[in-house]
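The next block holds one structure in the form of structure tokens; read it before the comments.
The values are calculated or read from the model by the stated rules, or taken from the named source; none is laboratory data. None of these values were measured; they are calculated from a predicted model. Note that each Cβ is placed from the backbone with ideal geometry, even for glycine, and that neighbours are counted across all protein chains shown.
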Amino acid sequence: MLFPFGAIYGAIGLIRRNLYYKNSNKRYSPMVPTICIGNLAVGGTGKTPMVEYLVRLLQDHYKVATLSRGYKRATTGFITSMYSEVPVTAANFGDEPAQLHTKFPNIQVAVCEKRAEGIQKLLKTETPPEIILLDDAYQHLQVRCGLNVLLTDFSNPYPSDFPLPAGNLREFPCAARPADIVIVTKCPSDLSISQAKVVQNKLRLLPKQSCFFTTLAYDSPVAVTKEATKHSLSDIRKVFLLSGIANPKPLLHHLSSQFSEIELIEFGDHHQFTSKEIENLCKKIADEKEFSVVMTTEKDWTRLQNPSLLSIVKPHSFFVVPVRTEFLFSQENDFNQMISTFIERNI
């Protein structure tokens, strides 16, 4: 029943994209190398870990800035972490930019609803960036990016999906054609080459497009409250997994291999936790007879930094599980070289 509405939604997106391409003078071309990391689906394809990968790759060699909308922030307009009196919090910048600032305090983390305006203002700061990473900007056609990196989830690649509300896509799958690099994310770590080729054939890539396969690699849980530091991971008998991300299944699967008893406490992506919700969670921990903890993602922990929530969290054992992008089939060097070549040609 939703198919006609999805077709209309997709058609609007297609017309909009074609109009921008036909009126190229309406598109802003930045004077510095810009890399867009985006997707066709709504959330959950691993954009933030990919942005972090690129920051790690580039920050020792160039002045790097990230720019995103700052989803669900309470502020508006352009703000940058280096030249703003506004504290870099999830409330002011959005959870993902705040997370990036915490992990990479030496780069500029900026937010702006209009990407072209945000880039122009970044370039006017006292220390303008040499490279700008645009987080979730594939549909922001006002900017002509130098390199477009499109992510798609292994479990639901865009050729198998359909536009909203019938599916989960923002545009028809044909919108993938402008991408320079397509990365299949969240693959099983033991994915075989033959399985990867099946997915790659389904994508119907153009000759100009390069394809890579990545998985999510999780590091050991890190204690983030004083109470949690008093115990070792071997003491844990039950884990309450607090999730406000689009797809917690990979993390749940990972933790299930380490802990025998896990209870998922799931909310929607970017969920703003309330005091009542966190109080109820902490009560669950207190009611357990054996040692129990809360584990959550870095993005969720950023949103828990609200002072009213921290006061509830601090007396309990909370852990964060860091995640990073890892390339399969020894593709990391090829990807890094593509990024380096692009920058050297455009800087």
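Summary of computed values
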| read-out | value |
| --- | --- |
| Tally of residues being over 27 Å from K72 (Cβ atoms), touching a strand residue (DSSP E or B) at 6+ places or on another chain (Cβ under 7 Å), part of a loop (DSSP other than H, G, I, E, B) and in contact (Cβ under 8 Å) with a residue 40 or more places away in the chain across region 221-266 | 2 |
| For I285: the one exception among (1) among the hydrophobic types (A, V, I, L, M, F, W, C); (2) modelled with pLDDT under 95; (3) in a loop (DSSP other than H, G, I, E, B) | (3) |
| Matching residues in region 172-195 - criterion: being crowded, with 19+ Cβ neighbours inside 10 Å and either over 19 Å from the mean Cα position of the chain (by Cα) or not assigned by TED's automatic domain parsing to the domain that holds N39 (or both) | F172, P173, A175 |
| In region 29-65, residue surrounded by the fewest Cβ atoms within 10 Å (Cβ to Cβ) [restricted to those that are of a type in the set (S, T, Y), at pLDDT 95 or above and closer than 24 Å to P248 by Cβ] | Y53 |
| Residues (at negative phi and either part of a loop (DSSP other than H, G, I, E, B) or surrounded by fewer than 17 Cβ atoms within 10 Å (Cβ to Cβ) (or both)) located in region 201-210 | N201, K202, L205, L206, P207, K208, Q209, S210 |
| Residues being under 22 Å from L251 (Cβ atoms) and touching a residue at least 40 places away in the same chain (Cβ under 8 Å) - total across region 185-198 | 5 |
| Matching residues, region 127-158, being over 19 Å from I343 (Cβ atoms) and among the acidic types (D, E) | D136, D153 |
| Residue list for region 281-315, filter: over 16 Å from L255 (Cα atoms) and touching a strand residue (DSSP E or B) at 6+ places or on another chain (Cβ under 7 Å) | L281, K284, I285, E288, E290, D300, W301 |
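Yes or no, residue by residue, for (1) in contact with a Gly (Cβ under 8 Å, 6 or more places away or on another chain); (2) in contact (Cβ under 8 Å) with a residue 60 or more places away in the chain; (3) surrounded by fewer than 21 Cβ atoms within 10 Å (Cβ to Cβ); (4) in a strand (DSSP E or B):
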residue	(1), (2), (3), (4)
A110	yes, no, no, yes
E126	no, no, yes, no
I132	no, yes, no, yes
T152	no, yes, no, yes
